[in-house]
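The values are calculated or read from the model by the stated rules, or taken from the named source; none is laboratory data. Given the structure is predicted, the values throughout are model-derived calculations rather than measurements. Cβ placement follows ideal geometry from the backbone for every residue including glycine, while neighbour counts extend to all protein chains displayed.
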Amino acid sequence: MIVTSRLARTALSHRICTGIPRRRLAKLIAELAEPWAAQQESRLRERRGGDRVRAPGAGPNHELVFTDRVIATLVVLRFQLPHAVLALWYKVDRATITRAVGEIRALLAARGFAVPGQPGVRLQTLADVFAYAAANGVELRIDGTEVQVRRPKANRPGRRAFVSGKKKQNTIKPTVISDERGRLLWCGATRPGRMHDVTALRTEGIEDLLRQYPKVKAKVDSGYQGLARDFPDQVSAPPKKPPKDATQAHRAEYDTARHAQSSQRICVEHAIAEPKQWRPMQRYIGRREHFEGTVLAIAGLVSDRCANR
C-alpha cells in the first residue's frame, strides 16, 4: 500500500493521534501559521544576510507543508513516536520531521495557558497567574509532579541532581497550578527531581508574588509546609502530624482537618492527570534540554480543553 501525504494527513489528524478534535486542530493551525511564517522569514533573512531579492513563494517548496508539520508535532508529543516512523508516513527524511518538531514545539510552548471564560487571553508566567487570580478572586491549587527521564551519563556534573528521593529514579519536576475547579492555569518551575517542591517555587519568585498580591490564596499539600508557615493568611497546607503520645481526641481532630483540606485541594490532581495522558509526561525519553518546551507545549494544549469546561 502506498501512503501519500494526503492519506497520512487524514489518518494522523484524527483526535486519537493528535489529542485534540479536528475543529480545534484547524484553529490551532490557523493560529500558528503567522508566527511560523515570521519565524521562517527571520531564519532566511539571517542566512541571506539581508532582505529577500525574489518575491515570497519563489524557490523550491517545502517537502512538508505547514499543516503536516503541526500534525506530525502533535503526534510526536502525544505518543513520543520515533521521528523515523513519521518520516516513512510522509515519505521525507527523518531530519525533516526533527526540524519540523523543533519549530512547532517552540511555537506551542510560547502560546501560554488559556484562561477560563476569557478567549484570547493567555497566561505566560507565574506573575500572570497571580495577577489573574487577584483580579478574578480565584483561589489557587498548587502541586508538583515528577516525570521520569533518562539517566545522565556517568561522570557528568550535576548527575545526582536528577535522582528523586521520593521516586528513587531520575526525574524532572514541573509545578502545576489550577483553580478551584481543577482547570489548568500554569505549568512551570521545571527543576531537577532532587529539588524540593517548595524550593522550586521559591526560585521562581512566588514569595515576592504573595507579598505583591496579599489577597491571593492557595491550597497546597504537605510538601509546601514552609510556604504555609511563612504566609499563614494566604497559603493553606495540611496540619502537622500529632506527636506519638497524642490523645485519641487530638488524633481524630487531626484526621478531620487533614481530610477537609485534602478534599478542597484534590482538584489539582485532576489538572496534573490530564497532561499525564500524553506519553512524554509519563516517561520522557528525549533530550533533557527539550523537556521544558515539551511540557509547556503539552500543558498549553491541555489548558485549551480545560478552559472550555
Can you go through K244, K276 and tell me which one is over 30 Å from G19 (Cβ atoms), out of contact with any Ser or Thr (no Cβ under 6 Å at 6 or more places or on another chain) and surrounded by fewer than 18 Cβ atoms within 10 Å (Cβ to Cβ)? K244
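Go over the candidates K153, K167 one by one and state the one that is farther than 19 Å from R287 by Cβ and assigned by TED's automatic domain parsing to the domain that holds Q261. Lay out the reasoning, then the answer.
Values: K153 fails: farther than 19 Å from R287 by Cβ.
Criteria check complete, one pass: K167.
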Of those in region 38-53 that are hydrophobic (A, V, I, L, M, F, W, C) and outside any loop (DSSP other than H, G, I, E, B), the residue modelled with the highest pLDDT is A38
Would you pick out the residues in region 252-273 that are buried (at least 17 other Cβ atoms within 10 Å of the Cβ) and over 19 Å from I142 (Cα atoms)? none
Residues satisfying the stated conditions in region 184-201, i.e. surrounded by fewer than 17 Cβ atoms within 10 Å (Cβ to Cβ) and in a helix (DSSP H, G or I): T199
Could you say whether any residue in region 275-290 is part of a helix (DSSP H, G or I), under 15 Å from T171 (Cα atoms) and of a type in the set (A, V, I, L, M, F, W, C)? yes
Among the residues of region 210-230, is any surrounded by fewer than 17 Cβ atoms within 10 Å (Cβ to Cβ), touching a residue at least 40 places away in the same chain (Cβ under 8 Å) and touching a Gly at 6+ places or on another chain (Cβ under 9 Å)? yes
Close pairs (7 angstrom Cβ cut-off, 6 or more residues apart or separate chains): surrounded by 14 or more Cβ atoms within 10 Å (Cβ to Cβ) in region 116-131, of a type in the set (G, A, S) anywhere: P116/A307; R122/G112; R122/A114; L123/G112; Q124/G112; L126/G188; L126/G205
Under 8 Å between Cβ atoms, at least 6 apart or on separate chains: pull out the pairs that start in region 9-24 with a residue that is among the basic types (K, R) and end on any residue that is part of a loop (DSSP other than H, G, I, E, B). R15/P21; R22/S13; R22/H14
